[in-house]
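Please read the structure below before turning to the comments.
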Amino acid sequence: MTLHLRACTYAYRPWARPVLSNLDYQLPPGVTVLLGPNGAGKSTLLRLAAGVTRPRTGNVHLGDLPSRARAYRGAVAWMPQHITAMTALTAREQVAYTGWLKGMNRTDAWTASATALARVDLADQADTRARRLSGGQLRRVGVAAALVHQARVLLLDEPTAGMDPRQRRIFRDVLAALTDEVTVLLSTHDVADLAEESDHVTVLQAGRIRYTGTTDGFLAHAPTDATPGRRAEAAYTALSETSG
């Protein structure tokens, strides 16, 4: 099933300028990186796609499922930008609790929580209180919570923020292992963050899509003399200048 935002407009107040305006977006299969500066509307797009926020106009569907449907919430997982540690819970308990909130029974949620933590290389921290984890570890708990109920679509808001290089490598490996199971959309304001390892790239600026397509197509916007290690940054700069 394909996630589709159709003609969506959203503003935080009725009188405010829309954050997103008449946006039409269809999420392709595989891993898509959502690029854009702070304030571009990336988090708003993800909240709409997750069904957490409803558009002022337009609609959001996953196949035939509207975002207001309970089955939609079970099929789409959202990891917000800020992960809150549940003070009294261990990492495993926090992940299992998320599964229970998504409609799993307690036994299944508890069993699946161990598998989800192992997939993000946190099995050895399963019994650690969530409040004692590092920032990078807590973000991986957030990813595990998004995985626990076997969603078809993962929406990840700045998932690598606070991770060190090793943790980012682990995270990239997790995504690579998921591509046959789920469709992933992850946002970042760091142009180089995963852009060259994704299947697709979407560039959002001022609430409008400036580019969406394959990663190769995105990188083709870089000047021919661009430094190999900075092609993503050069491509993003070129697209920004073209769009004004």
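Mind checking which pairs have a first residue in the stretch 149-169 that is open to solvent by 20 Å² or more (accessible area, probe 1.4 Å) and a second that is among the aliphatic types (A, V, I, L, M) and in a loop (DSSP other than H, G, I, E, B), Cβ under 8 Å, 6 or more apart or different chains?
Sorted first by the residue in the stretch 149-169, then by its partner, the pairs are HIS149/MET104; ARG152/MET1; ARG152/VAL182.
How many residues does the stretch 128-143 contain that are part of a helix (DSSP H, G or I) and either among the basic types (Lys, Arg) or closer than 20 Å to SER198 by Cα (or both)?
5
Would it be correct to say that SER187 is part of a strand (DSSP E or B) and either touching a residue at least 12 places away in the same chain (Cβ under 8 Å) or open to solvent by 10 Å² or more (accessible area, probe 1.4 Å) (or both)?
yes
Got at least one residue in the stretch 53-60 being at pLDDT 95 or above, under 20 Å from the mean Cα position of the chain (by Cα), in a strand (DSSP E or B) and buried (at least 22 other Cβ atoms within 10 Å of the Cβ)?
yes
Of all residues in the stretch 103-125, which are hydrophobic (A, V, I, L, M, F, W, C) and either without any contact (Cβ under 8 Å) to a residue 24 or more places away in the chain or in a helix (DSSP H, G or I) (or both)?
ALA109, TRP110, ALA112, ALA114, ALA116, LEU117, ALA118, ALA123
With the requirement that a residue be in contact with an Asp or Glu (Cβ under 8 Å, 6 or more places away or on another chain) and either over 19 Å from VAL141 (Cβ atoms) or crowded, with 19+ Cβ neighbours inside 10 Å (or both), what does the stretch 61-89 give you?
TRP78, MET79
Scanning the stretch 199-239 for residues that are of a type in the set (Asp, Glu) and assigned to a loop (DSSP other than H, G, I, E, B), which turns out nearest to LEU186 (Cα to Cα)?
ASP199
Condition first: touching a residue at least 24 places away in the same chain (Cβ under 8 Å), open to solvent by 20 Å² or more (accessible area, probe 1.4 Å) and under 20 Å from ALA40 (Cβ atoms). Now tell me which residues in the stretch 202-236 satisfy that.
GLN205, ALA206, ARG208, ILE209, ARG210, TYR211, THR212, GLU233, TYR236
Yes or no: MET163 of a type in the set (A, V, I, L, M), closer than 30 Å to THR227 by Cα and assigned to a loop (DSSP other than H, G, I, E, B)?
So MET163 passes the test.
ASP180: open to solvent by 20 Å² or more (accessible area, probe 1.4 Å), under 24 Å from GLY39 (Cα atoms), at pLDDT below 90 and outside any strand (DSSP E or B), yes or no?
Against the criterion (open to solvent by 20 Å² or more (accessible area, probe 1.4 Å), under 24 Å from GLY39 (Cα atoms), at pLDDT below 90 and outside any strand (DSSP E or B)), ASP180 does not qualify.
Which one of ASP127, ASP121, ASP108 is over 20 Å from ALA49 (Cβ atoms), open to solvent by 10 Å² or more (accessible area, probe 1.4 Å), of a type outside the set (A, V, I, L, M, F, W, C) and touching a strand residue (DSSP E or B) at 6+ places or on another chain (Cβ under 6 Å)?
The unique qualifying residue is ASP127.
Would you confirm, using the coordinates I've provided, whether ARG106 is over 19 Å from the mean Cα position of the chain (by Cα) and either modelled with pLDDT of 95 or more or over 24 Å from LEU175 (Cα atoms) (or both)?
The answer is yes for ARG106.
What's the total number of residues in the stretch 90-105 that are closer than 26 Å to LEU185 by Cβ and surrounded by 15 or more Cβ atoms within 10 Å (Cβ to Cβ)?
Within the stretch 90-105, residues that are closer than 26 Å to LEU185 by Cβ and surrounded by 15 or more Cβ atoms within 10 Å (Cβ to Cβ) number 10.
For the stretch 22-63, give me the residue count where each residue is among the basic types (Lys, Arg) and within 12 Å of THR202 (Cα to Cα).
Counting residues in the stretch 22-63 that are among the basic types (Lys, Arg) and within 12 Å of THR202 (Cα to Cα) gives 1.
The values are calculated or read from the model by the stated rules, or taken from the named source; none is laboratory data. Since the structure is predicted, the reported quantities are computational estimates derived from the model, not experimental observations. With ideal geometry, Cβ positions are generated from the backbone for all residues, glycine too; neighbour counts draw on all protein chains shown. The protein model used for the area step is the full one, side chains on, heavy atoms only, and it has no ligands, DNA or RNA in it. Shrake-Rupley method; radii C 1.70, N 1.55, O 1.52, S 1.80 Å.
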